[in-house]
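Visitor: Please read through the structure below; I'll follow up with questions.
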Amino acid sequence: MGQTPADKFHEECGVVAIYGHPEAAKLAYLGLYALQHRGQESAGICTNDGTRLHCHKSMGHVAEIFTSEVLARLPGSLAIGHTRYSTAGDTALLNAQPFAVTCNKGRIAVAHNGNIVNAVELRHELGAGGSIFQASSDTEVILHLLAHSSERTMAGALREALLQLEGAYSLVCAAEDRVLVARDPHGFRPLAVGEMEAPGGRKAYVFASETCAFDLIGAVYLDEVEPGEMVIVGPEGMTRERFTPERPRAQCVFEHVYFSRPDSVVFGRAVEESREEMGRLLARECPADADLVVPVPDSGVAAALGYHAESGLPFRQALIRNHYVGRTFIEPSQAIRDFGVKLKLNPVRHLLKGKRVVLVDDSIVRGTTSRKIVRMVRQAGATEVHLRVSCPPTISPCFYGVDTPNSSELIASSHSVEEIRRFVEADSLCYLSLASLRKAVADHRHEYCYACYTGDYPTDLVNVEELIASSQKRH
C-alpha cells in the first residue's frame, strides 16, 4: 500500500455469499480471507441451517476472528460474510456486518459494500414510523426496509427496498433457504458470480467483491452481477432479474487504480492489465531522465512494471514493505522522525545511492506520506527523486463507498501540480491524465465513475452538506 492508513483512501468493505455447500461457513471464511485488503477493522459471517440463523462477528482480522471452534458453530449450506473498514471514531462492534433480524419474512441477514446517499432521510422516515436503530451503519436501514415491506416473498421485499435506495451498493442477503444478491443501477461497486462443485456432484454458487476470493476456494468465475440486477439462488436454482431500468454505468475506477488485488478480475477486466497499462501510458506522458524505476509497494508495483517496460529504465524494488505490521504497535516514547512510514517501508540503500529515481505510486491524497517517502529515498542516497502517479489529481471526495477526506484535506483540490511537487519535495511530479486513465481501463463506452478526479458526480447527491460532514463517519 503506497500510503499509510491515515493518508490513503479506504474501500469500505468486501462481501461474499455461498449457496449450496455443506461447508458454507468455511468457504465464506476463506473468501473473506482473500478480501482482507478491503477492510481490516471487523468481519462477520452469518449462516442458515434451514431452521436457525447463526452469526458471529468481531473486531479484528479475519484469521483472528474465525477459529476452527467458531466456524464449527456456524452450520448450514448457505452463508454470507463481510469484512469492514471503518473510519475514526466509528469502529464499534455494533456496526460490524452482517446485520441480522427476525421479522415476518423469517430470519434475514444482510451485508453490503458501498454507501447509501439517502440513508439519513430513510432513517428519519423509518424512525418516525417506530423503527429502532442500534447502529449508525446505513446497512441497518436496508434491513429495516426489508422488514417493513408489505411484500410476501423475500425477493419481493428486497426489490421494494432496493427501489428506495440511492447511491452505491453491492449487497448480499441470507434468508432461510436462499441467498439474494443485488447491485445498484449504476454498478459503482463490483460483485462477481462464480460456481463450484459441492459434495455429491451438486453445484454450489458463490458471490464475492473480487474474483481472488474464487481462486482460493476453487470456484470458477462466471460473470458480474449486472448493475440493477438481483440474483436469487434457492432450492429451485438460480434466477436473475433486473429490478430497475438500466442507468448509465458508473463503475468505480479506483477499484482498478488501487483497491482491488491485482490478481482479481473486476468489472470484467483484469486489474493487473489495467495497472500495467497505466504505468506504460504514464511513461509516455511523463518521461524522466533517470537511472531506475522504483515502486511504492504494494499498490505501485504493477504501474511501475508498466513504466519500466515502456521507458526501458531498470526496475528495482528498492523500497521493502513490512507485511507484518499489526493493527496496533508500540511507538517509542522519544520522537523518531516519520516513524509510521518507517514502520511500513524501508529503503535498500545500495540500490538507491547515487541514483536518479523514478518513484511510482498509485495516488496522492493529502501528500504528507508522499513527502515522507520522497525524504526516505533521498536520505538513502538518491540524487534525484521524480514522483510519478498512476492516476489524475484527486480533487473531490467520494460518496459511493470510499472513505475519502473532504475537499479541504485533498491537496490537489487547492494546490497546483507545481505546489504539490514543492510540498512533497520531489525534483519533478507528474500525474496520469484522465484520458490515459480511461484508456488504461479500456473504458470505450464511458462506463466508469471518475468523480474523485473531476467533481462530476453521476447521481443527484442528497444533502450534499450533510454528506460532506459525515464523509469521515460512514460505516
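Visitor: Please work out the Kirkwood hydrodynamic radius for the range 208-253, using every pair of different C-alpha atoms, and report it in angstroms with one decimal place. It would help to have the intermediate numbers written out before the result.
Guide: Values: mean 1/r = 0.0784 Å⁻¹.
Result for the range 208-253, one decimal place: 12.7 Å.
Visitor: Listed highest first by mean packing, meaning other Cβ atoms within 10 Å per residue, what order do 52-59, 149-156 come in?
Guide: Order by mean packing, descending: 52-59, 149-156.
Visitor: Please report Rg over Rh for the range 65-217, where both radii come from the alpha carbon positions and Rh follows the Kirkwood definition. Spell out each step's value before the answer.
Guide: Details: Rg = 16.0 Å, Rh = 16.7 Å.
Across the range 65-217, the Cα-based Rg/Rh ratio is 0.96.
Visitor: Take the Cα radius of gyration of the range 61-149 and divide it by 2.2 N^0.38 Å, with N its residue count; two decimals is plenty. Write down the numbers at each step before the final one.
Guide: Working: Rg = 14.5 Å, N = 89, 2.2 N^0.38 = 12.1 Å.
Expressed relative to 2.2 N^0.38 Å, the Cα Rg reads 1.20.
Visitor: Let me ask you something else. Per the Kirkwood definition applied to all pairs of different Cα atoms, how many angstroms is the hydrodynamic radius of the range 183-230? Before the final figure, lay out the partial values.
Guide: Details: mean 1/r = 0.0890 Å⁻¹.
Every distinct Cα pair counted, the radius reaches 11.2 Å.
Visitor: Sticking with this structure for a sec: Convex hull volume of the Cα atoms in the range 9-116, per residue, in Å³?
Guide: Working: hull volume 10.9 nm³, N = 108.
Once divided by residue count, the hull of the range 9-116 is 100 Å³.
Visitor: Roughly speaking, what is the centre-to-centre gap between the range 246-321 and the range 24-81 when only Cα atoms are used, to the nearest Å?
Guide: 32 Å
Visitor: Convex hull volume of the Cα atoms in the chain, per residue, in Å³? Walk me through the intermediate numbers first.
Guide: On the way: hull volume 68.9 nm³, N = 475.
Dividing the Cα hull volume of the chain by its residues yields 145 Å³.
Visitor: Over the chain, how many pairs of lysines fall under 20 Å by alpha carbon, counting only those 8 or more apart in sequence or from different chains?
Guide: So the count of such lysine pairs works out to 11.
Visitor: Now, a different point. Which value, in Å³ per residue, describes the convex hull spanned by the Cα atoms of the range 361-437?
Guide: Numbers: hull volume 7.1 nm³, N = 77.
Taking the convex hull of the Cα positions in the range 361-437, it is 92 Å³ per residue.
Visitor: With 25 Å as the cut-off, how large is the P(r) tail for the range 208-357, expressed as percent of Cα-Cα pairs? Kindly include the intermediate steps, with their values, before the conclusion.
Guide: Numbers: 5724 of 11175 pairs.
It works out to 51 percent of all Cα pairs.
Visitor: Please compute the per residue accessible area over the chain with all protein chains in place, 1.4 Å probe, rounded to a whole number of Å². Working shown, then result.
Guide: Details: 18470 Å² over 475 residues.
Averaged over the residues of the chain, the accessible area is 39 Å².
Visitor: Could I ask something else about it? Output wanted: per-residue J couplings in Hz (rounded whole) for the range 106-120, from phi through Karplus 6.51 cos²θ - 1.76 cosθ + 1.60, θ = phi - 60°, x for Gly and Pro.
Guide: Values, residue by residue: x, 9, 10, 10, 9, 9, 8, 10, x, 8, 8, 6, 9, 4, 5 Hz.
Visitor: Follow-up question, since we're still on this one. Which value results when the Cα radius of gyration for the range 203-288 is divided by 2.2 N^0.38 Å? Walk me through the intermediate numbers first.
Guide: Numbers: Rg = 16.5 Å, N = 86, 2.2 N^0.38 = 12.0 Å.
Ratio of Cα Rg to 2.2 N^0.38 Å: 1.38.
Visitor: Based on the alpha-carbon gyration tensor of the range 141-255 and its eigenvalue square roots a ≥ b ≥ c, which shape applies: rounded if a/c is under 1.5, prolate if not and a/b is larger than b/c, or oblate? All intermediate terms of the calculation are to be shown ahead of the outcome.
Guide: On the way: a/c = 2.15, a/b = 1.20, b/c = 1.80.
Oblate, because a/c is 1.5 or more while a/b does not exceed b/c.
Visitor: Taking every pair of alpha-carbon atoms in the range 89-129, what share in percent sits in each 10 Å bin, from 0 to the bin with the longest distance?
Guide: Histogram of Cα-Cα distances, whole percents per bin: 21, 44, 34, 1.
Visitor: So how do 241-247, 203-209, 407-413, 142-148 stack up, highest first, on mean other-Cβ count within 10 Å? Each step should come with its number before you reach the end.
Guide: On the way: 241-247: 13.0, 203-209: 25.6, 407-413: 17.4, 142-148: 22.0.
My ranking of the peptides, most packed first, is 203-209, 142-148, 407-413, 241-247.
Visitor: Roughly speaking, what % of Cα-Cα pairs in the range 143-200 are separated by over 16 Å, rounded to a whole number?
Guide: Details: 835 of 1653 pairs.
The proportion of pairs with Cα distances above 16 Å equals 51 percent.
The values are calculated or read from the model by the stated rules, or taken from the named source; none is laboratory data. Bear in mind that the values here come from a model prediction, so they are computed numbers and not experimental data. Please note: Cβ atoms are built from the backbone with ideal geometry, for glycine as well, and neighbour counts cover all protein chains shown. Just the protein is used for accessible areas: all its heavy atoms, side chains included, with ligands, DNA and RNA removed. Shrake-Rupley method; radii C 1.70, N 1.55, O 1.52, S 1.80 Å.
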